[in-house]
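To keep things clear, I will list the structure first and then write my remarks on it.
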Amino acid sequence: MNALTLPDIAAQASRQALPLEWVGMCGIALPVLMDSQRIAAKADAGVSLDDGEARGIHMSRLYLALEMLEQDNLTPALLRQVLQRFLDSHEGLANSAYLRLHFDLLLKRPALVSPLAGWKSYPLSIEVRLKNAMFHVELKIVVPYSSTCPCSAALSRQLIQQQFVDDFANRPLQHAEILAWLGSTQGIVATPHSQRSNAELHLRLDDFLDELPLIALINDAENALGTAVQTAVKRADEQAFALANGQNLMFCEDAARRLNLALRRSPGVNAFQLRVVHAESLHAHDAVAQSRWNWEA
Ligand SMILES: Nc1nc2c(ncn2[C@@H]2O[C@H](COP(=O)(O)OP(=O)(O)OP(=O)(O)O)[C@@H](O)[C@H]2O)c(=O)[nH]1
């Protein structure tokens with residue numbers, strides 16, 4: 001048997017004439033470029049199989065179209081070209097094309113006070129689709145942050161007040177003595193609990209953006225929360241972080257509302273749904289809140 005006689009099963013007629021919504025490949029290893037930085041991504045590439053009579057799509061044509069992403073920075077226009085190639089190579093078979101890229105975006109983040117910096121990774125996926133000549137871009141980003149329980153903070157303050165009454169009732173108050181008491185674990189008898197938390201953002205972007213506003217969106221989310229997790233940390237940075245947590249006490253409901261109000265002002269965002277997860281240290285379960293804006297399922 002030679003190449004001319006290779007059987008082509010995909011070109012056969014289907015036994016059951018039935019269109020399919022999505023057919024393709026998931027988990028394709030692909031190096032992509034973001035700001036000229038090479039990133040190891042995984043791609044899920046697919047098309048609709050609208051011709052119900054056709055046995056299958058041509059997987060290799062989707063796979064080869066992904067080569068377009070190796071040389072140039074990821075932009076909405078480039079992603080659209082890839083999807084167009086998916087459709088052009090499946091003329092008569094497919095009307096819709098889909099691509100999802102997932103990877104960890106590594107950003108160098110400065111310390112709060114000291115002149116240090118370190119790398120932080122943000123799990124991210126970019127989902128694009130081309131359907132009826134309409135192009136859509138969606139992002140999923142996970143932003144880690146710290147949340148300190150406002151109820152626990154209030155309960156701790158009350159215990160500190162009670163301790164103050166126990167230690168200083170019916171005594172003349174001496175400035176130096178109180179100052180020393182405030183700096184002691186005997187004075188500050190209770191501390192509120194904090195937890196590492198995640199904001200899971202699912203954003204729909206304007207269809208005609210020149211660039212993907214990944215870093216701007218992450219910055220908007222972190223600024224709204226005020227307590228982004230840190231990278232390189234000296235004591236001065238840790239103290240600034242403690243202050244940031246004290247000034248941004250948050251239930252999961254507070255975090256969800258802050259993010260909602262910030263992201264609806266972020267340039268390029270048309271709609272979103274978000275989910276915040278506080279991995280409670282008080283409980284063995286998580287506190288979770290969800291919110292959406294302009295989102296139609
Ligand atoms: N459609 C389809 N192809 C599959 C699947 N699993 C593996 N393949 C293989 O994917 C390979 C590439 O398919 P095609 O793109 O049609 O390959 P080809 O016919 O040599 O390429 P063209 O000439 O461009 O059509 C084939 O060897 C298929 O057997 C599947 O579940 N569905």
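The values are calculated or read from the model by the stated rules, or taken from the named source; none is laboratory data. Note that the coordinates shown come from a computational prediction; the quantities given were computed from them, not determined experimentally. Here the Cβ positions follow ideal geometry from the backbone for every residue, glycine too, while neighbour counts run over all protein chains shown. Ligands, DNA and RNA are stripped out before the accessible areas are found, and what is left, the full protein with its side chains, is counted by its heavy atoms. Shrake-Rupley method; radii C 1.70, N 1.55, O 1.52, S 1.80 Å.
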Can you pull out the residues in the stretch 1-42 that are in a helix (DSSP H, G or I) and either hydroxyl-bearing (Ser, Thr, Tyr) or in contact with a Leu (Cβ under 6 Å, 6 or more places away or on another chain) (or both)? THR5
I need every pair where a residue in the stretch 49-62 that is closer than 10 Å to LEU93 by Cβ and outside the structural domain of GLY92 (by TED's automatic domain parsing) has its Cβ under 8 Å from the Cβ of a residue that is part of a loop (DSSP other than H, G, I, E, B) and open to solvent by 80 Å² or more (accessible area, probe 1.4 Å), sequence separation at least 6 or different chains. none
Output for the stretch 223-243, where each listed residue is part of a helix (DSSP H, G or I) and open to solvent by 20 Å² or more (accessible area, probe 1.4 Å): ASN223, ALA224, ARG235, ALA236, GLU238, GLN239, ALA240, PHE241, ALA242, LEU243
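Residue-by-condition table, conditions (1) among the charged types (D, E, K, R); (2) open to solvent by 20 Å² or more (accessible area, probe 1.4 Å); (3) in contact with a Pro (Cβ under 8 Å, 6 or more places away or on another chain):
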site	(1), (2), (3)
ALA29	no, yes, no
ASP35	yes, yes, no
ARG38	yes, yes, yes
ALA41	no, no, yes
GLY46	no, no, no
ASP51	yes, yes, yes
ALA54	no, no, no
SER60	no, yes, no
TYR63	no, yes, no
Which residues, taken from the stretch 16-31, are within 14 Å of the ligand (Cβ to nearest atom) and either touching a Cys at 6+ places or on another chain (Cβ under 8 Å) or not aliphatic (A, V, I, L, M) (or both)? TRP22, GLY24, CYS26, GLY27
Output the qualifying pairs, or none if there are none: Cβ atoms under 9 angstrom, residues six or more apart or on different chains, first residue in the stretch 226-239 and on the phi > 0 side of the Ramachandran plot, second residue modelled with pLDDT of 95 or more and surrounded by fewer than 15 Cβ atoms within 10 Å (Cβ to Cβ). GLY226/GLN247
Select from the stretch 32-48 the residues that are touching a residue at least 40 places away in the same chain (Cβ under 8 Å) and not hydrophobic (A, V, I, L, M, F, W, C) and write down the one among them that is nearest to the ligand (Cβ to nearest atom). GLY46
ASN170 fails exactly one of (1) touching a residue at least 24 places away in the same chain (Cβ under 8 Å); (2) out of contact with any Asp or Glu (no Cβ under 8 Å at 6 or more places or on another chain), namely (1)
Residues in the stretch 250-264 that are open to solvent by 30 Å² or more (accessible area, probe 1.4 Å) and touching a residue at least 40 places away in the same chain (Cβ under 8 Å) total 2
